[in-house]
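For reference, the structure is listed below as structure tokens.
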Amino acid sequence: MNLPCKELKRIARDNLNGNYKIPMGAFLAATLIPLAVELPFSMLQKDAQPLPVTIMFYVAEFLITLLSMVLSVGILQLHLSLARKKEMTLGMVFYGFKNHPDRYIIAGLLLIIATLISCIPVITGAVLFFVLDKSPAAHDSGSFRADVVCTGIVSAFGSSADEGTRIIKDQPSDHEGK
């Protein structure tokens, strides 16, 4: 299908015309649910935390990232239905939980692992920078350095989650066979 951008924009506008409520509500739900789950953990995170609390925070962030990935599958399914001019409901946000959530979680884990592997040079450089820094001021902010390294690792999880949402269930297109 070799359509110019102008034609693709027109088709997209026609598909969305009058169908704003459900996609916007689904996006809002898929954004607010992980936010509501994460909020208590973020509020408990302070400057200097004991190690178990910090570990619990990052484990919770990882699990919330997986939740977001599965919710994003539902958003993608809703957008696919919109593009194919099929029926849409707000409940489609939970599509990933109803249809093989294990596949989406495993795909998300594989994507996170691939992202972490690609980030190994950056993580190693950051760790070596903080370990080899011998200035007196550097020793006063040891917990800050650990937080920076952990934040970099969690950021890698977040960016891989964004990419992981691109996974869509194999379904034949309406255009196949024409």
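The values are calculated or read from the model by the stated rules, or taken from the named source; none is laboratory data. What you see is a predicted model; the values in this text were computed from it and never measured. Backbone-built Cβ (ideal geometry, glycine too); neighbour counts: all protein chains shown.
For this structure, a couple of remarks:
- Qualifying residue in the stretch 112-126 (condition: over 20 Å from the mean Cα position of the chain (by Cα), surrounded by 15 or more Cβ atoms within 10 Å (Cβ to Cβ) and not in a helix (DSSP H, G or I)): no
- Any chance Ser42 is among the small types (Gly, Ala, Ser) and more than 29 Å from Ala12 (Cβ to Cβ): yes
- Selection status of Ile55, out of contact with any strand residue (DSSP E or B) (no Cβ under 8 Å at 6 or more places or on another chain), at pLDDT 90 or above, closer than 23 Å to Ile112 by Cβ and hydrophobic (A, V, I, L, M, F, W, C): no
- Qualifying position, being surrounded by 13 or more Cβ atoms within 10 Å (Cβ to Cβ) and either of a type in the set (A, V, I, L, M) or under 15 Å from the mean Cα position of the chain (by Cα) (or both), among Ala29, Ala36: Ala29
- Count of the stretch 61-111 residues, restricted to those that are under 30 Å from Asn17 (Cβ atoms), crowded, with 17+ Cβ neighbours inside 10 Å and among the polar types (S, T, N, Q), is 4.
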